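Notes follow the structure.
We did not get these values from a lab; they are worked out from the coordinates using the rules stated. Please read these numbers as outputs of a predicted model, since none were measured by experiment. Glycine also receives a Cβ, built like all others from the backbone with ideal geometry; neighbour counts cover every protein chain displayed.
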Number of protein chains: 2
Amino acid sequence: MSLLFKHLRIHQIFGANTDVGKTILTTALVRASASLKNEVFYLKPISTGPIQDADDEHIIRHSSTFKDRVHADCLYRFHVPVSPHLAAQLAAGEESQKIVPDGTFINSIRSYVQRSASRASGPAHMYVETAGGVHSPTLSGTTQLDCYRPLFLPTVLIGDSRLGGISATISAYESLLLRGYIVDAILLFRDDYYRNSEYLTPYFAERGVAVTATDPPPPKASDAAETFASTERYYENLDILPTVRDLNTRHEERLAELDSMPRRSLDAFWWPFVQHGLVKGEKDVTVIDSASSDFFSVYNSQTTDKKSSLDAQLDSSASWWTQAFGHAHPALTLAAARASGRYGHVMFPQATHAPALELAERLLDGPGKGWASRVFFSDDGSTAMEVALKMALRAYSVRNNLRGIERKKVGVLGLKGSYHGDTIGAMDACAEEGVYTCEWHNAKGFWLDPPTISIQHGRPVIALPPALAASDTMCESDVASDSESWVYDVAGRLQTPLAEVYRDYISRTLDGLHSARGVPRLAALVLEPIVMGAGGMIFVDPLFQRILVDVVRARDESPATEPGSWRGLPVIYDEVFVGLYRLGMQSTIPLLGATPDISVNAKILTGGLVPLATTLASDSIFRAFYGPDKAEALLHGHSYTAHALGCEVANESMKLIEKATQSEAWLAAQARWQEPGTRNSVWSFWDPEFVQTVSSMDTVAEVMALGTVLAIKVKDSGAGYVSQSAQTLLQSLKVTDSESPSEVPDFSVHFRTLGNVAYFMTSLNTAPETIRILENKIWNVLQNSD
Amino acid sequence: MSLLFKHLRIHQIFGANTDVGKTILTTALVRASASLKNEVFYLKPISTGPIQDADDEHIIRHSSTFKDRVHADCLYRFHVPVSPHLAAQLAAGEESQKIVPDGTFINSIRSYVQRSASRASGPAHMYVETAGGVHSPTLSGTTQLDCYRPLFLPTVLIGDSRLGGISATISAYESLLLRGYIVDAILLFRDDYYRNSEYLTPYFAERGVAVTATDPPPPKASDAAETFASTERYYENLDILPTVRDLNTRHEERLAELDSMPRRSLDAFWWPFVQHGLVKGEKDVTVIDSASSDFFSVYNSQTTDKKSSLDAQLDSSASWWTQAFGHAHPALTLAAARASGRYGHVMFPQATHAPALELAERLLDGPGKGWASRVFFSDDGSTAMEVALKMALRAYSVRNNLRGIERKKVGVLGLKGSYHGDTIGAMDACAEEGVYTCEWHNAKGFWLDPPTISIQHGRPVIALPPALAASDTMCESDVASDSESWVYDVAGRLQTPLAEVYRDYISRTLDGLHSARGVPRLAALVLEPIVMGAGGMIFVDPLFQRILVDVVRARDESPATEPGSWRGLPVIYDEVFVGLYRLGMQSTIPLLGATPDISVNAKILTGGLVPLATTLASDSIFRAFYGPDKAEALLHGHSYTAHALGCEVANESMKLIEKATQSEAWLAAQARWQEPGTRNSVWSFWDPEFVQTVSSMDTVAEVMALGTVLAIKVKDSGAGYVSQSAQTLLQSLKVTDSESPSEVPDFSVHFRTLGNVAYFMTSLNTAPETIRILENKIWNVLQNSD
């Protein structure tokens, strides 16, 4: 939604406090811009108090000097000087029809800016003056900073020249930074007694911001004409041109910087998972100038003068599955600041700090409830899976008295299509299939081909892999079922004939492994419950996973173990992608109905701000490392283990999640998926009718939706990770629809594909309207390609 | 330095602005505390304006009601209401002798608090009132928030009830959070017109802070006696007791929380590299309540009533080698906030954002200058090394046309004692020596035993490993040299006889490997230049590493390669620990005089705040992955790749480093190590005389100092990673010296050992006085154990 025009430089004027001279100094900026022959727009979205003849605002409008070049507007006017949160009440019966909620308010500004932009022929300047201080409330209730943030206009801060003004100016600046605002200049009145500018100038020079102190305005004269004259003289003598020129330079530098970024990025970066040989040039580089809620603000070098150079682009992969509350959520920023300001990073072995302890206890009481006793911290899903593997393999080795080389030869039992991260240990827990491998990748284990779930032609279908379909004559390769709820009612399905087929198949397969060549001794069971994400958004039949766990545990051969001990094999659930409500549930464990011995969380854990991962373990696993000998400890750790910033942000995320689960949008989405007479274990933010409709389209092979995730598999004979079919089919989502009515700012869609699967993912608080628009866009594209 | 007493609850009163009623509301708090029969201390470190008979401050002192129970003090008084940055000038000739720099100022408060604490018999309350707003300057030039931060007192924020006060209050609160302060309550006057409290109460309730609005004070009467009387009545009717009780509760809860943390942490955490079986109990848990500069504030449950329950503990491992500017540096916090507020995290493949691009360009122009063309981002040193290994092995495999299983069988050439991280791929690049291993660790390569450098009895000694010492008759096992500078003058030593010995030894060893059993085909050379940190702070002779690189490259057998191509083997420098001035130099590359093909940075990269790592690569390496096929790309990436927060903090760190290299302390330390007539390539923050002295002590085997690092190897026959000898010898550093004069707050030392090596590490801006005190402490402990 950000606004940036090549031929219209806009600055938003914030005040360090109320009554610091915002309007006067904005007037000065307007006049200086006009004196440089620029067309100038002055916008004061809210004004409190009537226009007096001698007011500065009046002068902007009526000064003959620049009258032809200056356009001023005010969206809302209140006739008493009050805070806007009261204005709404006070203005009832007066202009109350103009009092509107946030979105419309911002859109009004947007459309005004666009009208102004189209009016300007040459380079023009615009100043948008805010009301009160940086955190004064707006009509809608949020404060100025948060309300205007989606527009992401660069700012000028009007400092406070009075006693206490140093503090007010610095604090206001810090509040601007906390929302990521660009502060291009600080202006304040010169005061020869308090001399705030003397302190502020070097203070902000160190922070890269120029402070300009100007003369204060003359006192009001007894009559309006005289005041008008003296005010005119005041403005004429005010030398604020260097600031205006500096703002021009900053604007040009910002555009030049954005223009240069694709080339420089192509020259400096080595992107992850990108074949640089397929990146055709600068237009293939997404320049993200800022982000807000679920949208990137993306630079468009090709845009016309009349349109913003920044396009809204929906972050429809939730930035590689990390986002929970959209980008730049103020609560997460404040949490990060709070922990950074209190601790920085402090080392963790044998130490404790509140953010880490709170997070550990939250996780043990959440996904770990009922089984986990310990939390091990690391940096990302991959490192946390390496920790999980080290835990499981050691626990197995210790119980089975493996020695020396025997320990090196163990492997894992898993499912084909699984993915656990990009470090080599995590890779080794996955089958070597296709292109996802490297020199030292040495897959250690055995992987079963699992049955999968999808919606085809409006009905949930369980697709059995060939080996399984062949394993029983009663069994066809595809099993259609009545409802998605039924499919995910694992407990209810445990006694079905299909469950028996799964049980037999798994048992027979495991029996056969003892004599199979090239299969190592299995020392752990590793699963991504419900969905194997990176493997291609494969929705596994949860019944199969549950039975796999049950069968493995039932085969336990060790002498009677203590209650709570792991049985058969240590079981690892990789919940990096599926955990923490990505699929609409805090953890997949209750759905499966079988607890693991080890589980891993990451991604959403920090609400999508910084890397942090956790590995939860049962006491039984922990005991395998416990003893009098340092050498037996888990000798694994990263420098930033349990960094306070990440833990504090994670705790804040957990609180936001709790709130989100009670939100109207959440409850409404759940209600839409409620099937009469069934247990409503699964639901999605995506509309069930939309999902059904898409599943019947000609280009679509199958669809699935769960929680925030929508996966669409397109028909493609030569599928696989390097397939471009989904990308090609949906390509047009990446451009905005210029036909869209200007009242609703249109957005393009930034999405990722995995071969012939296109997936779309919301945050936990994405606006339902946004999801509906996206559903329409997807439907349109698929419809047109039919 | 933090202050927290069991029987003295202290709150610091900050103002959202000047003139918001700080003194009045503090007076109200003082009186309410006194009315609850608590002894009360009121401290106003700075007061501007004289005491008038009818002043609130006067009333605190003279109100008969609580006179016996209330003690008030003021450290500095100025007779005009100005900002403190001017007070210092204005007060000249008046009380200017009292105007002192920061440290002393804080120590005055500290000692006043301690005197007060010893005076109080039962539970007492203290209110420390600050001057002006939260960011009003102090006498020393920094603002209130930054100046008082080391004391880390919990705070009460006095909100602003006037027009604009909503904004002022929220901004002040945010500035407090940016320094990590605990905000226990917000108080402000009720104002029936502006009704700020109506907005602020729910706003802060959502953030966990209670807002209390009180009646405003009565207007001043015409004479002092009447004013005194009406003011007394005002205070008597003010119901602020609930706030005082809430502050009491918060204080008790904080103590209870700290008290409970060791037990809860022992129950919930699985610490990295810790044998929980050796953690004896709660007293073995370091509870870090906050941190500031190089100090932890550590909870001490055993402390007496008269001493703070929080001890200062020097973070002498720089929190596992991460810290560059001490904990909670405001510039890093602001950088984190800025990026979080502007971007959150935004996904990186084929995208770009300013913080990542700026950082990439800085690194290419810094450690990568002259050889690197690309930056690959990941999350920690271990993942960045996995990336480096994937790059190197692929480049080798491609050039040598290795196919299928051949690619899986390659290994690396390295040095014994090396360490590259805890993920299994990084482990596999290290020899399997001793306890540092795990089930899937499969060391792939060959590792040479390198010559090392240390200072013994005041002289630098090059110790040759047996194989090397035996390789030439001219060569003894230890070679004493004239000076450390000479040892590190790699270019100057290239033609020495020892260089020839190294060259022959390396060549012969590599020749022998072709026919050696169990040695894989070598596909990369991997080095930690200068120091192998985790291996035991092993200072390797840099000449040996240089010659190793030279020999490997000279053996290049491939047909003529393009200029700039890697030769022999791709060379990886792991600079995770040694880079970015940890050793006093930006990169070790200029010292070695041979550029790598790949290098890795982490740890100091973010100034010690959050995990982030980079792998730099030459164009020649990059080209091995470049092509038309996605399958040939480097298919590695983590969700938070190039997270904006980390990149922005890293950029800020780089700027702070640039400044630090010009600082007085830096230049003075360099000057101390300057040896006449030699090239001063190496230096240290540690005093050369101290290093020499310690190297001659009886319990000490050898010492080394470089940049921020001091390593002391103690004499121990049975050394190794699990040895406790260094830990045992220096144990007493972990407790404070109660004999220390109270004027200089004493600190204990949090240090880590690696077997028989104790190491100590400064930040890049540690105060020289702190280092001198630490040197004395170390010397004393070693002296007493002699």
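Observations on the structure shown:
- MRE, 222 nm, helices only [DSSP H, n ≥ 4, -39500 (n - 2.57), over chain A, to nearest 500]: -11000 deg cm²/dmol
- Restricted to Cα atoms, the protein assembly as shown shows a radius of gyration and a Dmax of 33.8, 105 angstrom.
- Two-decimal log10 I(q)/I(0) for the stretch B:665-785, as the Debye equation yields it once each C-alpha is a single scatterer, q = 0.15, 0.17, 0.21 Å⁻¹: -0.71, -0.90, -1.24
- Once C-alpha pairs closer than 8 Å and six or more residues apart are averaged by separation and normalised to the residue number of the stretch B:665-785, the relative contact order reads 24 percent.
- The string of couplings for the stretch A:172-186 from the Karplus curve (6.51, -1.76, 1.60, θ = phi - 60°) is 4, 4, 5, 5, 4, 4, 4, 9, x, 4, 7, 9, 8, 6, 10 Hz, one whole number per residue in order, with x for Gly and Pro.
- Length-normalised contact order of the stretch B:348-464 in % [C-alpha pairs under 8 Å, at least 6 apart]: 18 percent
- Magnitude of the charge dipole, the stretch B:665-785, Cβ model with Lys/Arg +1 and Asp/Glu -1, debye to 20: 400 debye
- Here the extension length gained between A:ASP192 and A:ASN400 equals 66.7 nm, from 0.36 nm per residue of separation less the Cα-Cα distance.
- Among beta bridges that DSSP assigns inside chain A, antiparallel share in %, nearest 5: 50 percent
- Copy-to-copy label separations for A:ASP746, where each label sits 7 Å from Cα toward Cβ, in nm and ascending: 7.4
- Positive-end residue, the stretch A:177-313 charge dipole about Cα centroid, Cβ charges, pick of A:TRP271, A:THR227, A:ILE182: A:TRP271
- Distance between modelled label sites at B:ARG553 and A:TYR626, nm, 7 Å Cα→Cβ extension: 5.4 nm
- B:ASP239-A:THR303 FRET efficiency (beta carbon distance; Förster radius 51 Å; 0.05 resolution): 0.25
- A simple charge model with +1 on the Cβ of Lys and Arg, -1 on the Cβ of Asp and Glu and nothing else charged puts the dipole of the stretch A:554-660 at about 300 debye relative to its Cα centre.
- Only the Cβ atoms of Lys and Arg (+1) and of Asp and Glu (-1) were treated as charged; on that basis the dipole of the protein assembly as shown about its Cα centre amounts to roughly 1500 debye.
- Overall form of the stretch B:368-437 per C-alpha gyration tensor (a/c, 1.5; a/b vs b/c): oblate
- Greater than 26 Å apart at Cα, pairs in A:LYS22/A:LYS220; B:LYS307/B:LYS777; B:LYS6/B:LYS734; B:LYS369/B:LYS713; A:LYS416/A:LYS659: B:LYS369/B:LYS713; A:LYS416/A:LYS659
- Estimated FRET transfer efficiency when R0 is 51 angstrom, pair B:HIS7-B:GLN670 (beta carbons, to 0.05): 0.60
- Rounded to 5, the percent of DSSP beta bridges in the protein assembly as shown classed as antiparallel: 45 percent
- Across B:LYS280/B:LYS715; A:LYS444/B:LYS409; B:LYS603/B:LYS630, pairs whose alpha-carbon gap is larger than 22 Å: B:LYS280/B:LYS715; B:LYS603/B:LYS630
- When chain A is described by a simple charge dipole with +1 on each Lys and Arg Cβ and -1 on each Asp and Glu Cβ, the residue from A:GLY564, A:GLY584, A:VAL649 located farthest towards its positive end is A:GLY564.
- Amide N proximity, the stretch A:764-784 versus A:GLU689 label position 7 Å along Cα-to-Cβ, cut-off under 12 Å: none
- Relative contact order (percent, whole number), the stretch A:251-394, Cα cutoff 8 Å, 6+ residue spacing: 13 percent
- B:GLU257-B:GLN731 FRET efficiency (beta carbon distance; Förster radius 25 Å; 0.05 resolution): 0.30
- When the Cα positions of B:GLY141, B:HIS514, B:LEU153 are compared along the charge dipole of the protein assembly as shown, B:HIS514 comes out farthest toward the positive end, with charges on each C-beta of Lys, Arg, Asp and Glu.
- Separation of the A:ARG772 and A:ASN248 label points, Cα + 7 Å toward Cβ, nm: 4.7 nm
- Calculated log₁₀ intensity ratio I(q)/I(0) where the Debye formula runs over C-alpha points of chain B, q = 0.09, 0.11 Å⁻¹: -0.92, -1.21
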